[in-house]
Amino acid sequence: MIELGSQHQLVYYWFQQRGRVITNEFAVKWYLFQDSILRHRTDGALVRLIVAVPPATDEADADRRLIDLAARIAPSLTQYVPD
């Protein structure tokens, strides 16, 4: 959850690279290093989803909306993120 003044947003983010979905930033750096040596590749993607949480809205509702969005878009990401 992030906020600026009275505005609140729920944020999900992960890193996706060469068939891996990674949420740990240190692991991302390790794989980036490893792939640069073994595969001569350092590309990948940061995927970030954000939903506004209005003042009278339940945070759990925003969480459900983000989970639903992530489930719907995840299969199509492989078209844009290198393997």
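Among the residues in segment 10-29, are any open to solvent by less than 80 Å² (accessible area, probe 1.4 Å), assigned to a helix (DSSP H, G or I) and either in contact (Cβ under 8 Å) with a residue 24 or more places away in the chain or of a type in the set (A, V, I, L, M) (or both)?
Within segment 10-29, one or more residues are open to solvent by less than 80 Å² (accessible area, probe 1.4 Å), assigned to a helix (DSSP H, G or I) and either in contact (Cβ under 8 Å) with a residue 24 or more places away in the chain or of a type in the set (A, V, I, L, M) (or both).
Any idea which residue in segment 30-45 is surrounded by the most Cβ atoms within 10 Å (Cβ to Cβ), counting only those that are under 25 Å from residue 73 (Cα atoms) and free of Cβ contacts under 8 Å to residues at least 24 places away in the same chain?
Out of the qualifying residues, it is 31.
Return yes or no: is residue 82 open to solvent by 100 Å² or more (accessible area, probe 1.4 Å), part of a loop (DSSP other than H, G, I, E, B), in contact (Cβ under 8 Å) with a residue 40 or more places away in the chain and out of contact with any Phe, Trp or Tyr (no Cβ under 7 Å at 6 or more places or on another chain)?
no
From 60, 70, 56, grab the single residue that is out of contact with any helix residue (DSSP H, G or I) (no Cβ under 7 Å at 6 or more places or on another chain) and open to solvent by less than 40 Å² (accessible area, probe 1.4 Å).
70
The values are calculated or read from the model by the stated rules, or taken from the named source; none is laboratory data. A quick note: this is a predicted structure, and the numbers were derived from the prediction, not measured. Cβ sites come from the backbone with ideal geometry, for glycine too, and all protein chains shown count toward neighbours. Only protein heavy atoms, including side chains, enter the accessible area calculation; ligands, DNA and RNA are left aside. Shrake-Rupley method; radii C 1.70, N 1.55, O 1.52, S 1.80 Å.
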